[in-house]
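Data block below; observations after.
Values in this text are rule-based calculations from the coordinates and carry no lab data. What you see is a predicted model; the values in this text were computed from it and never measured. Cβ sites come from the backbone with ideal geometry, for glycine too, and all protein chains shown count toward neighbours.
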Amino acid sequence: MFNRIAFRYDFMNRFLSGGIDVRWRRKAIKELARINPQMILDVATGTGDVAIMMAKSLRPKKIIGIDISDGMLGLGNKKIAGLSLNDLIELQRGDGEAINFPDETFDAITVAFGVRNFANLEKGLTEMLRVLKPGGKLVALEFSKPKQGFFRRVYSIYMKTAAGIGKWVAKNREAYEYLNDSVNAFPEGNVFLKILSKAGYTDTYLKTLTLGICTIYCASKKEIS
């Protein structure tokens with residue numbers, strides 16, 4: 001599915017969000033500024049938007065982006081080459097539920113709009129925790145449902161309309177029906193924080209964005225005393 005919409009993925013993100021998704025990503029990345037990570041893993045990297053933003057704002061030594069979609073990775077590699085960031089960013093085919101790196105490899109992990117796509121959420125969270133260094137931080141950016149009554153109704157109508165827009169622009173209605181279904185199924189808010197804690201993360205917190213349309217989730221790996 002993601003291979004089929006890869007050619008319109010970046011455009012659809014900007015179009016459907018009115019460009020605000022770029023601001024969401026920047027705010028999520030700012031949550032890592034304090035720890036100054038040098039080795040970063042970007043899970044479900046897609047076309048590399050977050051990896052590219054981190055390269056410019058955090059200036060780490062290395063960013064590895066993994067994704068299961070070859071179509072997305074191909075477009076991402078073209079963007080990275082065009083920006084001359086090949087030495088800093090490396091994209092690989094990889095599964096967030098079976099990360100092909102040793103324990104305690106990364107100072108930070110990001111995943112933007114990807115955790116809701118894990119077939120086994122707990123397994124994915126455990127894998128990310130495994131490859132985090134003690135004291136390392138996970139930042140996940142994910143869609144959520146607004147709580148405010150009127151805005152929640154407008155949002156619900158808009159998300160259902162997105163399938164029709166996806167059929168028209170990206171030639172794929174299924175992908176944008178999946179978007180709505182996966183957002184509705186995701187255990188958002190404090191429920192997700194509890195899942196993070198159960199998986200072994202500490203210092204969990206969240207920040208809601210744009211009246212609750214999107215949420216930043218942060219968690220850390222316990223430092224060795």
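To the nearest 20 debye, what is the magnitude of the charge dipole of region 58-114 about its Cα centre, counting +1 on the Cβ of each Lys and Arg and -1 on the Cβ of each Asp and Glu?
On the way: 6 positive and 9 negative charges, 81 e Å.
I would put it at about 400 debye.
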How many nm separate the modelled label positions at ARG34 and ARG93, each set 7 Å beyond the Cα in the direction of the Cβ? 4.0
Where in region 49-88 does the label zone of ASN100 land, with the point 7 angstrom along Cα→C-beta and an amide N cut-off under 12 Å? 66-68
Over 32 Å (Cα to Cα) among LYS79/LYS194; LYS56/LYS198; LYS133/LYS194; LYS78/LYS194 -> LYS79/LYS194; LYS56/LYS198; LYS78/LYS194
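Based on the Cβ-Cβ distance from LYS194 to ASP70, what FRET efficiency comes out when R0 is 30 Å, to the nearest 0.05?
On the way: r = 35 Å, r/R0 = 1.16.
Computed FRET efficiency for LYS194 and ASP70 comes out at 0.30.
Between LYS62 and ARG153, what FRET efficiency follows from the Cβ-Cβ distance if R0 is 35 Å, with the result rounded to 0.05?
Numbers: r = 45 Å, r/R0 = 1.28.
That gives a FRET efficiency of 0.20.
Taking region 24-88, how much of its Cα-Cα pair set, in percent, is spaced more than 19 angstrom apart? Display every interim value, and only then the final one.
On the way: 524 of 2080 pairs.
Result: 25 percent of Cα pairs exceed 19 Å.
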